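These notes concern the structure reproduced below.
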Amino acid sequence: MKRVITRKLFVNVYGLRVQKKTFCNDAAAKLSSSKSGQCSKEPEEKQGSTTDVHQYDVAIVGGGMVGMALACSLANSPLTKQLSVAIIDSNPALGSRDWIKKEEPPDARVSTVTPATISLFKDVGAWQYVQQHRHAYFDKMQVWDYTGLGYTRYNARDANKEVLGCVVENKVLHNSLLSCMEDTDFQKTIYPSRLTSMTLHSSSSSTRVDSTSGPEFSTRGSVAKLELSNGNSLYAKLVVGADGAKSRVRELAGFSTTGWSYSQNAVICTVEHMIENHCAWQRFLPAGPIALLPMGDRFSNIVWTMSPKDSSDFKSMNEDDFVKAVNHALDYGYGPHPQSSLLGTGDIFSWLRADVTLSANERFEVPPKVVKLVSERMVFPLSLRHANDYASKRVVLIGDAAHTVHPLAGQGVNLGFGDAYALSRVIAEGIAVGTDIGEVSLLKKFEAERKPANIMMMAVLDGFQKAYSVDFGPLNILRAAAFHGAQYFSPLKRSIISYASGDQRLPLFS
């Protein structure tokens, strides 16, 4: 017998916490929510059936930041806010908002969102929720080489921008998107479960794909059927794979990928300074870059790329030794400080003085000293992977399910947010002209828009990774020349800032 229970306080049911809302306590363990807080009761099972089957316009597999960004965008568009959406994610607490206490140190999992991403968040109304929590804008950045042969300073005003980016905890971004969506009348159903199989159905035939039948997938059919690990089944006109680098949707749909492992790991953590940090810092070391990103309240985030063996050693060493190692890597370790200019004072670029940027005359600075480790150290393997196709009939990939990149420029999640908002816009365009939102011709429009931009960014980041993974005299000189070219050649610097800010333009070609 199914029961409907109401609580005024937080109640935990199948891992889902709900406040002042009515929820269904049944075997499906799902939350159906809207602004009114009403719960849709499971329909009675038909005789002879073993599970309930529900129908949706869109099923988003993966309720992380990118999947939630898509749901939020759909909820705030006039043409898509009436769609019925299912969100499938194995996180049992997905439907509840984390309580974020500002007095606690920041979480180590952060994202550097670009001005373009900030604009997208503002467009759907989510940025106002980010601003209620800790976030750190930065308008300056310094990048330099361990050899001491070159450095570049960037200033947002060089490209007529207010900021270069904003560092935000992932849980703040996720909560903000969830809050934005819940403040609308958008009908969503959250399934705290895993996708186990996918079937495309037509009036005459269907082809089944599950964990035992291999990665075959038919592109025929009028609707997709999804079966979940908790026994639930549902139908959807469109299935969106937003389930990360090890995407189950990508596997079941048979999308092939191209890519490789970098044989590098990233060590991330939160550290504290004696003074406030307002600049983003990145130094290229022999084994990979180390980045120091401002987080506000005298905190910074560390993203340190190194070999798998070194990452294991740095994760296990005592905190005092780790802090010393970080300061060593950001100061005199591995090589000297760069001079103000390897080439005098940039005289080789004197013919460009009339168009010099504000940061061209800024001298090299040493990052603020780290005094304390305030979070656990987390380690993630690094790789590049790209799906050869993003779309087939009824199925589309976004975010890390479609592409994973090196974190040296913090662009991965920004590419994913770009995917989410582009797909939402394409869906709205399809609805406007009466097109089936699962038609491959419509989904290929999304692919045609996003794939070139994603591939170009992946190529740039992969090129940087390879260029700075070799310690070779002549190559070091070329890298130094590149640093100084970016420092003093104003058109190049402006193009780099604009491209890294999310403008879909290639440096020097726009």
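Each reported figure results from applying straightforward, stated rules to the coordinates on display, with no laboratory input. Not measured: the values here are computed from a predicted model. Neighbour counts run over all protein chains shown; Cβ positions are idealised from the backbone, glycine included.
If packing is taken as the average count of other Cβ atoms within 10 Å, what order do 366-374, 109-117, 230-238 fall into, highest mean first?
Numbers: 366-374: 17.2, 109-117: 23.2, 230-238: 20.0.
Highest-to-lowest ranking by the protection proxy: 109-117, 230-238, 366-374.
Sort 451-458, 424-431 for me by packing, meaning the mean count of neighbouring Cβ atoms within 10 Å per residue, highest on top. Walk me through the intermediate numbers first.
Numbers: 451-458: 17.4, 424-431: 21.0.
Sorting 451-458, 424-431 by mean packing, highest first, produces 424-431, 451-458.
My understanding is that a pair violates if its Cα-Cα distance is over 32 Å; which of 102/122; 101/445; 140/445; 309/444; 101/140; 102/309 do that in this structure? Write down the numbers at each step before the final one.
On the way: 102/122 22 Å; 101/445 42 Å; 140/445 36 Å; 309/444 42 Å; 101/140 28 Å; 102/309 35 Å.
With Cα atoms farther than 32 Å apart: 101/445; 140/445; 309/444; 102/309.
Sort 399-407, 185-193 by packing, meaning the average of other beta carbons within 10 Å per residue, with the highest value first.
The packing order, highest mean first, is 399-407, 185-193.
Which FRET efficiency value, to the nearest 0.05, is calculated for residue 433 and residue 157 with the Förster distance at 45 angstrom and r the Cβ-Cβ distance?
Details: r = 43 Å, r/R0 = 0.95.
The calculated FRET efficiency here is 0.60.
Taking only C-alpha pairs under 8 Å that are 6+ residues apart, what is the relative contact order of the range 373-442 in percent? Each step should come with its number before you reach the end.
Numbers: 58 pairs, mean separation 20.2, N = 70.
29 percent.
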